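The values are calculated or read from the model by the stated rules, or taken from the named source; none is laboratory data. All figures in this text were calculated on a predicted structure; none of them were measured in a lab. Cβ placement follows ideal geometry from the backbone for every residue including glycine, while neighbour counts extend to all protein chains displayed. Side chains included, ligands, DNA and RNA excluded: accessible areas come from the protein's heavy atoms. Shrake-Rupley method; radii C 1.70, N 1.55, O 1.52, S 1.80 Å.
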Amino acid sequence: MFNMLKNEEKNLVLDISADEIFAHIENMCAHGPRYVGSEADSKAIEYFKKKLNEYGAEVIEEEFEAPAFEERKSLLKITSPIEMEIPCKAVFFTTPTPSEGVSGELIFVGSGSKEEFEKTNVEGKIVVVENSPESPKGALGLEISLAASKGAEAYVLAHFASPPYVLMTETGFFDRSKRFVEMEPKEIPAVIIGSLHWKKLYSLMEKDTVKGTLLVDAIREKRKTKNVRGIILGKKHPEKRILLVAHRDTVSCPGASDNTSGNAIILELARIFSKYRPDTTIEIVSFGAGEVLGCVGSWTYMEKHKDELKNVIGAINLDAVGFGGHLRIVTEGSWIDAGPIKTDTKINRLLEEAAKDLNYVVKHTVCMLGLSDATPFLVNDVPAAWLWKYDDPYWHTDLDIPENIDPNSLKITAEIVGLAAKRLSEK
Ligand SMILES: [Zn+2]
């Protein structure tokens, strides 16, 4: 085994610990969902810093303000013809309801297309739209906006699985000024329900007029958060830097995979590279706001460090690598109004070669919702890659918890990234 590896590469790889990585995941997930600027996130930051200090890395915190969303409770109460409570999840970043909720008749609008809205009178009603596995929805902003423009009072997405995964009110635009739509005549609250409850609700709606009240108790505000950096100086070329990055915030769940997995792996690599110092500087960055809010953390980093970017020889972003099948190298990403933008072929090749030399299989994929936190780097001509496991059954659900993580698969990803980063430092 490891015949293709030099001795120092072998030592580095063999030292990577699945237990260490899993301990990071358990510790960072221990306080619940890490909404931007939340108490749970502060605790995760403390843990991250403590570990970096232990490893002897220089720790730098950079505070900034970011849009934050925090769901407290959402519920769809059916009031007629029978009484029934349907648990639901708020669409991420949706407007909350007044405390008494929003009441009205529920109306089914199929997949929620323009044509279906043309055929149905939704004025003053709560629309129910189906999310099918054949054409799963991504960013919901434009769809909710369409319902609002037709006079709907609220939007319920019936998801094809239980528990439902949480989608967001973003639009999927690259242009950051268009990531959220202004809804006319007003913003309407939006939630997601799972398939088990949808079945019951649908059979009721087939027979009768169904009325209900939707409650969304959530906070939407600007909050302070931090990018946390850990710096391990290179032996030969300390001025040159390789960045290993991951967003830290989560979407209404502990986010063991999305994206505690990324944070745990770069933290373990901080330990490894402190011990086996590579030629160039390694910088670990945990971004304070990344998930579905326009990658605010990584864009803030870019703006702050614009003058230093020429020294960054590569950035590897890890986002949601906890569950699913093969590890994927994302080769390109697209947006509604931009792309495809390609990730860096040289780093991708290094990752692939590292995987091959370690006897692992990695596959390729493309993403239709952009390039996560690799985007700001690529836009600023910094070579960057993104590793992802997209076939993740628990993505953005309450089951994205440490218990569902296989520590060994995280170790594999850490080995691949660690080896590729070491080789990149020697180029
Ligand atoms: Zn993510």
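Some notes on this structure:
- Here the condition is being aromatic (Phe, Trp, Tyr) and open to solvent by 50 Å² or more (accessible area, probe 1.4 Å); of Phe117, Phe180, Phe173, it holds for Phe180 alone.
- Some residue of the range 229-243 being within 30 Å of Pro87 (Cα to Cα), outside any strand (DSSP E or B) and away from the ligand (no atom under 16 Å from the Cβ): no
- Across the range 29-46, the qualifying residues are those that are surrounded by fewer than 17 Cβ atoms within 10 Å (Cβ to Cβ) and in contact (Cβ under 8 Å) with a residue 12 or more places away in the chain, and the one among them that is nearest to His305 (Cα to Cα) is Lys43.
- Flag for Leu201 being surrounded by 21 or more Cβ atoms within 10 Å (Cβ to Cβ) and in a helix (DSSP H, G or I): yes
- Search result, residues across the range 47-70 that are free of Cβ contacts under 8 Å to residues at least 60 places away in the same chain and touching a strand residue (DSSP E or B) at 6+ places or on another chain (Cβ under 7 Å): Asn53
- Of all positions in the range 140-153, none carries a residue that is more than 21 Å from Glu71 (Cβ to Cβ) and without any contact (Cβ under 8 Å) to a residue 12 or more places away in the chain.
- Only a single criterion out of (1) outside any helix (DSSP H, G or I); (2) under 30 Å from Glu187 (Cα atoms) is not satisfied by His31, namely (2).
- Only a single criterion out of (1) surrounded by 15 or more Cβ atoms within 10 Å (Cβ to Cβ); (2) free of Cβ contacts under 8 Å to residues at least 40 places away in the same chain; (3) within 30 Å of Ile126 (Cβ to Cβ) is not satisfied by Lys77, namely (2).
- Residue check, Gly324 open to solvent by less than 10 Å² (accessible area, probe 1.4 Å) and within 16 Å of the ligand (Cβ to nearest atom): no
- Of the criteria (1) touching a Lys or Arg at 6+ places or on another chain (Cβ under 7 Å); (2) outside any strand (DSSP E or B); (3) open to solvent by 70 Å² or more (accessible area, probe 1.4 Å), which one Asp19 fails: (1)
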